[in-house]
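Colleague: My questions all concern the structure below.
The values are calculated or read from the model by the stated rules, or taken from the named source; none is laboratory data. As the structure is a computational prediction, the values presented were derived from the model and not from experiment. Neighbour counts are summed over all protein chains in view; Cβ atoms, including those assigned to glycine, are modelled from backbone coordinates with ideal geometry. To get the accessible areas, we keep the full protein, side chains included, count just its heavy atoms, and leave off ligands, DNA and RNA. Shrake-Rupley method; radii C 1.70, N 1.55, O 1.52, S 1.80 Å.
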Amino acid sequence: LKEKGLENISKADNLDTINQIRVSLLGKKGPITEVLRGMKDLEPQERPKVGQFANEIRDELTKVLAEKKEEIELIKMAKKLEKETIDVTLPGKKVQQGQSHIITQVIDEIEKLFIGMGYQVVDGPEVEEDHYNFEMLNLPKDHPARDMQDTFYITDNLLMRTQTSPVQARTMEIHDFTQGPLKMISPGKVYRRDTDDATHSHQFHQIEGLVIDKNITMADLKGTLQLIAQTIFGEDREIRMRPSYFPFTEPSAEIDVSCFKCNGQGCSVCKNTGWIEVLGAGMVHPNVLKMAGVDTEVYGGFAFGLGPDRFAMLKYGVDDIRQFYLNDVRFLNQFSVKG
Ligand code: FA5
């Protein structure tokens, strides 16, 4: 029985067979249990011998079964590991990398230019008080020019800022002129109840610029604006200054840039004029200076507000502003930052 059992065990190659052998040899109905159970029918002097012999066989078979079981489990594990080997020569999956948005790139470029000229970059709230968005900018309640910028109101006195100009008022109010002139830019999002079309969005960006010092003239403003246009668009793009009106500047001007590939013939973005308006500017109105507590006998300055969305359209030949807000990566990936 033992020899036969050991032979069967050594031939077994899976756990099911091992289990079957264990049950058939050592189970309740197996031969060894039967021998042990039949001891009571033996002569008393034979019982210890038979008992010891049966126990020895049972212990040995139990031990060999356990060893074989372990061996089979090890082989099984080795086979599994072999199957799961990683093929290091397979090409990996490429992780999609993000990049800064085309408008952020334009804003960064303009910021860099102004930081280089000693301007500070100031942040302001997007949910703004009527007081700073309009009143401090020479636009009292009921002023007709408020209609120039259709406003999203939150309450009577709170609104989504329609322009970055309130940051001018906030900064002027706290600037200590004994420490030197004020030179700042302020980039950020602005909101208007404009109907979306190829050149208008209800949420867009502006960069405000403000310089307050002694002896500032319109020539300083013009030179600064020319520098911006040349830096962003290159030498070959034309700019023109048109007289305009803003309640917070006097005199005021609007600046147009010649359109991409329009060659003066006109194109869709420029509504067949060959030009697109990219910024408003002017000499800071004395009322604005006075309201912020600036001494108009000593100080004056210029201000401008430019639209980076329009700048990006012109720089890259994008013919619809809505492209910037669709978050289509096929579009955005075309403007990856180089270097
Ligand atoms: C202003 O918002 C003035 N605060 C600018 C200013 C600042 C003038 C300081 C004088 C002194 P305006 O509404 O023209 O002006 O907007 C300025 C620029 O924002 C425009 O030239 C244009 O480039 C951009 N812009 C205006 N409306 C939209 C719009 N709906 N979508 C995209 N860009 C716009």
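Colleague: Taking interchain pairs and intrachain pairs at least six residues apart, which have beta carbon atoms under 8 angstrom, with the first residue in segment 312-324 and touching a residue at least 40 places away in the same chain (Cβ under 8 Å) and within 16 Å of His202 (Cα to Cα) and the second among the acidic types (Asp, Glu) and in a helix (DSSP H, G or I)?
Modeller: As it stands, the answer is Ile321/Asp309; Phe324/Asp309, since those pairs meet every condition given.
Colleague: Given the conditions (1) open to solvent by less than 100 Å² (accessible area, probe 1.4 Å); (2) away from the ligand (no atom under 16 Å from the Cβ), report the number of the one that Glu128 does not fulfil.
Modeller: Failed condition: (2).
Colleague: Continuing with this model, one more query. When the residues of segment 250-288 are narrowed to those that are buried (at least 20 other Cβ atoms within 10 Å of the Cβ) and within 18 Å of Thr162 (Cβ to Cβ), which ends up modelled with the lowest pLDDT?
Modeller: Here the answer is Val278.
Colleague: For segment 206-233, which positions are open to solvent by 10 Å² or more (accessible area, probe 1.4 Å) and not hydrophobic (A, V, I, L, M, F, W, C)?
Modeller: Gln206, Asp213, Lys214, Asn215, Thr217, Asp220, Lys222, Gly223, Thr224, Gln226, Gln230, Thr231
Colleague: Restricting to segment 156-171, give me the number of residues that are surrounded by fewer than 17 Cβ atoms within 10 Å (Cβ to Cβ) and in contact with a His (Cβ under 9 Å, 6 or more places away or on another chain).
Modeller: Of all residues in segment 156-171, those surrounded by fewer than 17 Cβ atoms within 10 Å (Cβ to Cβ) come to 156-158.
Imposing the further condition that a residue be in contact with a His (Cβ under 9 Å, 6 or more places away or on another chain) reduces the set to 157.
Going through segment 156-171 one residue at a time, the tally reaches 1.
Colleague: Here is a further query. Does segment 234-249 include one or more residues that are among the hydrophobic types (A, V, I, L, M, F, W, C) and under 22 Å from Lys290 (Cβ atoms)? Walk me through how you get there before you give the answer.
Modeller: In the first step, residues of segment 234-249 are kept if they are among the hydrophobic types (A, V, I, L, M, F, W, C); the result is 239, 241, 246, 248.
From the residues that got through so far, the ones that are under 22 Å from Lys290 (Cβ atoms) too are 246, 248.
Yes - at least one qualifying residue is present in segment 234-249.
Colleague: May I ask you to list pairs of residues, at least six apart or on different chains, whose Cβ atoms are under 9 Å apart, with the first in segment 172-190 being surrounded by fewer than 16 Cβ atoms within 10 Å (Cβ to Cβ) and the second being basic (Lys, Arg)?
Modeller: Within 9 Å, the pairs are Pro181/Lys214; Lys189/Arg161.
Colleague: Within segment 19-33, identify whether any single residue is exposed (fewer than 11 other Cβ atoms within 10 Å of the Cβ), more than 24 Å from Leu74 (Cα to Cα) and not acidic (Asp, Glu), and answer yes or no.
Modeller: Yes; the residues of segment 19-33 include at least one that is exposed (fewer than 11 other Cβ atoms within 10 Å of the Cβ), more than 24 Å from Leu74 (Cα to Cα) and not acidic (Asp, Glu).
Colleague: Shifting gears a bit: For segment 147-155, check the following and say yes or no: at least one residue is under 27 Å from Gln323 (Cβ atoms), open to solvent by 10 Å² or more (accessible area, probe 1.4 Å), near the ligand (Cβ under 9 Å from one of its atoms) and not small (Gly, Ala, Ser).
Modeller: The answer is yes; a qualifying residue exists.
Colleague: Hey, another quick one. I'd like to know if segment 70-83 contains one or more residues that are open to solvent by less than 90 Å² (accessible area, probe 1.4 Å), of a type in the set (Lys, Arg) and either within 30 Å of Leu25 (Cβ to Cβ) or touching a Gly at 6+ places or on another chain (Cβ under 8 Å) (or both).
Modeller: no
Colleague: Within segment 299-312, can one find any residue that is in contact with a Phe, Trp or Tyr (Cβ under 7 Å, 6 or more places away or on another chain) and either open to solvent by 30 Å² or more (accessible area, probe 1.4 Å) or of a type in the set (Val, Ile, Thr) (or both)?
Modeller: Looking for residues that are in contact with a Phe, Trp or Tyr (Cβ under 7 Å, 6 or more places away or on another chain) and either open to solvent by 30 Å² or more (accessible area, probe 1.4 Å) or of a type in the set (Val, Ile, Thr) (or both), one finds at least one in segment 299-312, hence yes.
Every residue, every condition in (1) more than 15 Å from Val257 (Cβ to Cβ); (2) open to solvent by 60 Å² or more (accessible area, probe 1.4 Å), yes or no:
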| position | (1), (2) |
| --- | --- |
| Ala198 | yes, no |
| Phe204 | yes, no |
| Glu235 | no, yes |
| Ile239 | no, no |
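Colleague: Say we look at segment 285-332 and pick out the residues that are outside any helix (DSSP H, G or I) and β-branched (Val, Ile, Thr); which of these is nearest to the ligand (Cβ to nearest atom)?
Modeller: Going through the qualifying residues, I end up with Val318.
Colleague: Among the residues of segment 173-224, count how many are of a type in the set (Asp, Glu), within 9 Å of the ligand (Cβ to nearest atom) and over 23 Å from Glu111 (Cβ atoms).
Modeller: As a first pass, look at segment 173-224 and keep what is of a type in the set (Asp, Glu): 173, 176, 194, 196-197, 208, 213, 220.
Restricting the remaining residues to those that are within 9 Å of the ligand (Cβ to nearest atom) gives 194, 196-197, 208.
The next check asks that each one be over 23 Å from Glu111 (Cβ atoms); those that pass are 194, 196-197.
Number satisfying all stated conditions: 3.
Colleague: Counting only residues that are in contact (Cβ under 8 Å) with a residue 40 or more places away in the chain and closer than 15 Å to Glu67 by Cβ, which one in segment 1-13 is surrounded by the fewest Cβ atoms within 10 Å (Cβ to Cβ)?
Modeller: By that ranking, first place goes to Ser10.
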